[in-house]
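A.B. asks: Below you'll find the structure I mean.
The values are calculated or read from the model by the stated rules, or taken from the named source; none is laboratory data. Bear in mind the structure is a predicted one, so any value in this text is a computation, not a measurement. Using ideal geometry, Cβ is built from the backbone for each residue, glycine included, and neighbour counts are taken over all protein chains shown.
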Amino acid sequence: MIHNKISDMFKKEVYIERRKKVAEKVGSGVILFLGNVEAPLNYPDNSYYWRQDSNFAYFFGLQCQGLAGVIDIESGENIIFGTEITIDDIIWGGPQKSLKERSESVGIDIVKDYSELSTFLKNAVKSGRRVHYLPAYRGEHFLELSKLLSLKTCVINEYVSRDLIKAVVSLREIKSDIEIVEIERAEDIAYEMQTTAMKMAKSGVYEYEIAGALEGITLKHNGHLSFHSIISINGQTLHNHTHNNVLTKGRMLVVDAGAETDTLYASDITRSIPVDGKFDSRQRDIYEIVLAANLKGIEGIKPGINNVENHIASVTTLLEGLKGLGMVKGDPLDAVMNGVGALFMPHGLGHQMGMDVHDMEGLGEDNVGYDENLKRSTIPGIKSLRMGKQLKVGHVFTVEPGCYFIPAWYDIWRKENRCADFINYDKVAEYLDFGGIRIEDDILVTENGHRVLGKPIPKTVEEVEKACNE
Ligand code: GLY
Ligand code: MN
């Protein structure tokens with residue numbers, strides 16, 4: 001069945017320009033982008049929520065299943081391979097535009113039946129031309145590429161085009177003004193999600209009630225979640241997707257959630273909320289430290305600096321704060337460079353964000369967050385940073401420091417007496433029942449520095465308490 005989900009597509013010139021640029025960057029050969037197909041859930045006609053592949057959507061715009069887009073660099077032809085709608089599609093799915101009309105709306109006037117793709121690619125290979133494709137991340141794509149290119153599925157990702165990966169990253173990572181508008185639509189939905197969670201965070205409420213309400217907000221705006229929400233009074237579990245707990249006074253509720261617009265742009269926001277809307281003194285202490293780390297991580301963002309510097313600055317602020325509570329000893333920066341940050345924050349400061357909430361991660365984390373000028377650190381904590389490289393105007397990424405007390409992780413460190421010069425283990429032990437706190441915003445790099453995207457979501461202790469009690 002054909003779903004043309006997009007409500008407000010970009011003008012066709014946007015896609016024409018993107019395809020022209022990627023062809024120029026790759027230089028020669030044939031570029032192949034596979035769109036996504038339906039994935040059945042429990043029987044063929046009952047499928048998982050369908051979502052277009054982001055690279056296909058970026059270059060070809062169409063939000064319907066079973067398409068492939070080809071750019072023939074030498075001939076300059078752009079082709080959509082797909083299946084024209086049938087009367088069955090109209091009977092079951094209603095009147096809809098033909099594939100030809102939809103292809104024209106994204107600047108493509110050559111449409112071929114999908115069955116011709118295999119021969120097209122085989123002829124290209126026979127005449128010695130390179131077929132450039134991106135890493136597969138779905139079983140269906142492994143199988144399809146295997147069939148189309150006569151390769152074993154196990155080597156599909158060994159033959160991906162490095163030139164195409166590089167070209168796609170260089171284009172998609174610089175967000176245009178129209179993309180920023182879409183991301184800010186997603187931020188506005190996230191505002192509603194977070195302030196709703198603040199109002200709902202009362203003892204006796206189940207996490208799943210909040211999860212349902214937040215997903216409902218995304219649907220109400222003709223969108224979806226940009227990833228499975230993390231809504232948990234056990235925020236020390238970094239990606240806690242189970243929502244079975246009842247909220248109890250004394251716990252912090254971590255709400256890490258975002259929306260995806262109908263044009264497939266994401267937001268990713270985290271707020272940490274005291275159940276019943278009032279911070280106790282221990283919660284306030286840790287919250288203020290994480291907030292200072294969040295502000296520090298944002299403060300230094302500007303074109304030309306390496307984002308790994310922001311990570312180090314933010315985690316240094318975190319450890320400075322924990323030193324104030326007696327948990328950390330010595331020089332905080334030294335502590336960070338010795339890997340102490342990983343005890344309290346075993347993840348990086350942030351990741352790029354755009355059409356994928358972890359933007360382009362399917363192309364390889366290091367291909368997106370690092371480059372020939374900056375290799376990933378090997379220091380615990382710092383090595384977990386996804387977006388480390390030099391910042392450019394148009395980059396969009398998250399700043400999401402956190403502080404977590406993970407008993408099993410603490411036990412390993414203490415047993416091995418890791419970084420003992422920097423850690424007061426007895427003091428940390430007093431917080432092992434605390435849980436975790438994370439505060440996340442989405443930032444655009446601008447000529448003059450940066451802009452926090454979206455309208456400000458309550459973030460200070462006072463703002464969060466006020467929003468909880470409105
Ligand atoms: N918001 C979830 C993550 O960044 O991994
Ligand atoms: Mn994130």
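A.B. asks: I'm told L318 meets every condition in (1) under 28 Å from the mean Cα position of the chain (by Cα); (2) part of a loop (DSSP other than H, G, I, E, B); (3) more than 13 Å from S384 (Cα to Cα); (4) away from ligand 1 (no atom under 12 Å from the Cβ) except one. Can you identify the failing condition by its number?
C.D. replies: (2)
A.B. asks: Mind listing whichever residues of segment 208-222 are within 16 Å of ligand 1 (Cβ to nearest atom), of a type outside the set (A, V, I, L, M, F, W, C) and surrounded by fewer than 24 Cβ atoms within 10 Å (Cβ to Cβ)?
C.D. replies: E215
A.B. asks: Scan segment 414-447 for residues that are farther than 25 Å from V275 by Cβ, away from ligand 2 (no atom under 16 Å from the Cβ) and under 25 Å from the mean Cα position of the chain (by Cα) and jot them down.
C.D. replies: Of everything in segment 414-447, those that are farther than 25 Å from V275 by Cβ, away from ligand 2 (no atom under 16 Å from the Cβ) and under 25 Å from the mean Cα position of the chain (by Cα) turn out to be V445, T446, E447.
A.B. asks: Separate question: What number of residues within segment 106-133 satisfy the criterion of being in contact with a helix residue (DSSP H, G or I) (Cβ under 6 Å, 6 or more places away or on another chain) and surrounded by fewer than 18 Cβ atoms within 10 Å (Cβ to Cβ)?
C.D. replies: Adding up the residues that qualify gives 1.
A.B. asks: Restrict the check to segment 327-347 and report whether at least one residue is crowded, with 17+ Cβ neighbours inside 10 Å, within 14 Å of ligand 1 (Cβ to nearest atom) and not acidic (D, E).
C.D. replies: Yes, the conditions are met somewhere in segment 327-347.
A.B. asks: Give segment 201-252 a look and list any residue that's in a helix (DSSP H, G or I) and free of Cβ contacts under 8 Å to residues at least 24 places away in the same chain, or say none.
C.D. replies: E209, G212, A213, E215, G216, L219, K220 - these are the residues of segment 201-252 that are in a helix (DSSP H, G or I) and free of Cβ contacts under 8 Å to residues at least 24 places away in the same chain.
A.B. asks: Ok, one more. Can you tell me how many residues in segment 257-291 are more than 16 Å from ligand 2 (Cβ to nearest atom) and of a type in the set (G, A, S)?
C.D. replies: Result for segment 257-291: 2.
A.B. asks: Let me ask something additional. Residue check: is V205 farther than 23 Å from L67 by Cα, surrounded by 14 or more Cβ atoms within 10 Å (Cβ to Cβ) and either within 19 Å of the chain's Cα centre (by Cα) or at pLDDT 95 or above (or both)?
C.D. replies: Numbers: farther than 23 Å from L67 by Cα: yes; surrounded by 14 or more Cβ atoms within 10 Å (Cβ to Cβ): yes; either within 19 Å of the chain's Cα centre (by Cα) or at pLDDT 95 or above (or both): yes.
Spelling it out, V205 is indeed farther than 23 Å from L67 by Cα, surrounded by 14 or more Cβ atoms within 10 Å (Cβ to Cβ) and either within 19 Å of the chain's Cα centre (by Cα) or at pLDDT 95 or above (or both).
A.B. asks: I've got another one for you. Does segment 372-383 contain at least one residue that is assigned to a helix (DSSP H, G or I) and either without any contact (Cβ under 8 Å) to a residue 60 or more places away in the chain or within 16 Å of ligand 1 (Cβ to nearest atom) (or both)? Let's see the steps before the verdict.
C.D. replies: Initial filter on segment 372-383 (assigned to a helix (DSSP H, G or I)): 382-383.
Remaining after also requiring either without any contact (Cβ under 8 Å) to a residue 60 or more places away in the chain or within 16 Å of ligand 1 (Cβ to nearest atom) (or both): 383.
Scanning segment 372-383 turns up at least one residue that is assigned to a helix (DSSP H, G or I) and either without any contact (Cβ under 8 Å) to a residue 60 or more places away in the chain or within 16 Å of ligand 1 (Cβ to nearest atom) (or both).
A.B. asks: Quick one: would you say K100 is in contact with a strand residue (DSSP E or B) (Cβ under 8 Å, 6 or more places away or on another chain) and free of Cβ contacts under 8 Å to residues at least 24 places away in the same chain? Lay out the reasoning, then the answer.
C.D. replies: Values: in contact with a strand residue (DSSP E or B) (Cβ under 8 Å, 6 or more places away or on another chain): yes; free of Cβ contacts under 8 Å to residues at least 24 places away in the same chain: yes.
Yes.
A.B. asks: In segment 226-282, which residues are within 16 Å of the chain's Cα centre (by Cα) and aliphatic (A, V, I, L, M)?
C.D. replies: I230, L238, V255, A257, A259, L264, A266, I269
A.B. asks: With respect to the numbered conditions (1) surrounded by fewer than 19 Cβ atoms within 10 Å (Cβ to Cβ); (2) over 21 Å from the mean Cα position of the chain (by Cα); (3) at pLDDT 95 or above, which one is the sole condition not fulfilled by E470?
C.D. replies: The one condition E470 does not meet is (3).
A.B. asks: When the residues of segment 393-449 are narrowed to those that are among the β-branched types (V, I, T) and assigned to a strand (DSSP E or B), which ends up farthest from ligand 1 (Cβ to nearest atom)?
C.D. replies: Checking each candidate, the answer is I423.
A.B. asks: May I pose another question? In segment 82-191, which helices (runs of 4 or more DSSP H) lie fully inside it and hold 1 or more residues that are among the aliphatic types (A, V, I, L, M) and under 30 Å from V452 (Cα atoms)?
C.D. replies: Fully inside segment 82-191 and qualifying: 162-172.
A.B. asks: Please find, among I189, I183, the residue that is surrounded by 19 or more Cβ atoms within 10 Å (Cβ to Cβ), in contact (Cβ under 8 Å) with a residue 40 or more places away in the chain and touching an Asp or Glu at 6+ places or on another chain (Cβ under 8 Å).
C.D. replies: I183
A.B. asks: Within the group Y404, Y431, Y425, Y410, which residue is modelled with pLDDT of 95 or more, under 30 Å from K249 (Cβ atoms) and touching a Lys or Arg at 6+ places or on another chain (Cβ under 6 Å)?
C.D. replies: Working: Y404 fails: touching a Lys or Arg at 6+ places or on another chain (Cβ under 6 Å); Y431 fails: touching a Lys or Arg at 6+ places or on another chain (Cβ under 6 Å); Y410 fails: touching a Lys or Arg at 6+ places or on another chain (Cβ under 6 Å).
Y425 is the lone residue from the list that is modelled with pLDDT of 95 or more, under 30 Å from K249 (Cβ atoms) and touching a Lys or Arg at 6+ places or on another chain (Cβ under 6 Å).
Yes/no matrix, rows are residues, columns are (1) surrounded by fewer than 18 Cβ atoms within 10 Å (Cβ to Cβ); (2) within 15 Å of ligand 2 (Cβ to nearest atom); (3) within 20 Å of V168 (Cβ to Cβ):
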site	(1), (2), (3)
N367	yes, no, yes
L374	yes, no, yes
M387	no, yes, yes
A408	yes, no, no
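A.B. asks: From the list H241, H228, which residue is within 16 Å of ligand 1 (Cβ to nearest atom), surrounded by fewer than 17 Cβ atoms within 10 Å (Cβ to Cβ) and within 25 Å of E179 (Cα to Cα)?
C.D. replies: Just one listed residue meets the conditions, H228.
A.B. asks: The conditions are (1) in contact (Cβ under 8 Å) with a residue 24 or more places away in the chain; (2) under 20 Å from R282 (Cβ atoms); (3) part of a helix (DSSP H, G or I); (4) over 26 Å from the mean Cα position of the chain (by Cα), and A293 fails exactly one of them. Which is it?
C.D. replies: The failed condition is (4).
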